[in-house]
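First comes the structure, then the notes that go with it.
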Amino acid sequence: MQTAIPYYWNIAPNRDATFTMQESVRRGPSLDSEFRYLEPSFFGSIDAKLMPRDEVAERSRYSLRADHEGSLPYDAYAQLKVMRVSDDDYWKDFPGE
């Protein structure tokens with residue numbers, strides 16, 4: 001069983017953030033956060049998930065994902081994607097992320 005409470009922050013017309021506190025009966029508390037931005041020539045998002053102590057794995061766990069896309073001079077286009085997780089078993093334990 002899991003409970004989540006989201007908090008949405010409209011920082012500006014082109015920026016927002018969402019923070020979600022979660023409690024899992026099996027794994028313990030966690031915090032998910034997302035920051036999004038939108039400009040005329042670029043946009044992106046940053047997602048971070050932190051579980052200070054996973055009661056099943058008996059250690060802290062996290063994931064970090066960043067996406068950025070934008071226009072460059074001469075009709076070129078750039079895309080950056082970054083993904084980092086705390087350990088090799090993260091994808092086995094959280095396959096939908």
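In this structure the amide hydrogen of E97, modeled in the peptide plane, comes within under 5 Å of no amide hydrogen from residues 5 or more places off or on another chain. Derived scalar couplings between HN and Hα for the range 77-90 equal 9, 10, 9, 10, 10, 10, 9, 9, 10, 6, 7, 5, 8, 4 Hz in order, rounded to whole Hz, by the Karplus curve 6.51 cos²θ - 1.76 cosθ + 1.60 (θ = phi - 60°), x for Gly and Pro. Near D87, once Lys and Arg are set to +1 and Asp and Glu to -1 for all other residues with Cβ below 10 Å from its Cβ, the sum equals -1. Taking the helices alone, the chain has a mean residue ellipticity at 222 nm of -500 deg cm²/dmol, built from -39,500 (n - 2.57) per DSSP H run of at least 4 residues and averaged over all its residues.
Applying 0.36 nm per residue to the separation of I5 and F19 and subtracting their alpha-carbon distance, the gain on full extension is 4.2 nm.
Take every Cα pair under 8 Å whose residues are at least 6 apart in sequence, average their separation, divide by the length of the chain, and the relative contact order is 17 percent. For the residues R61, R53, R26, a GNM of the chain with alpha-carbon springs under 10 Å puts the largest fluctuation on R26. Equivalent-ellipsoid semi-axes for the chain (Cα gyration tensor, √(5λ), whole Å, largest first): 31, 17, 8.
Each value in this text was obtained by applying a stated rule to the coordinates, not by laboratory testing. Quick caveat, the model's predicted, so the values are computed rather than measured. Cβ coordinates were reconstructed from backbone atoms using ideal geometry, including for glycine residues, and neighbour counts include every protein chain displayed.
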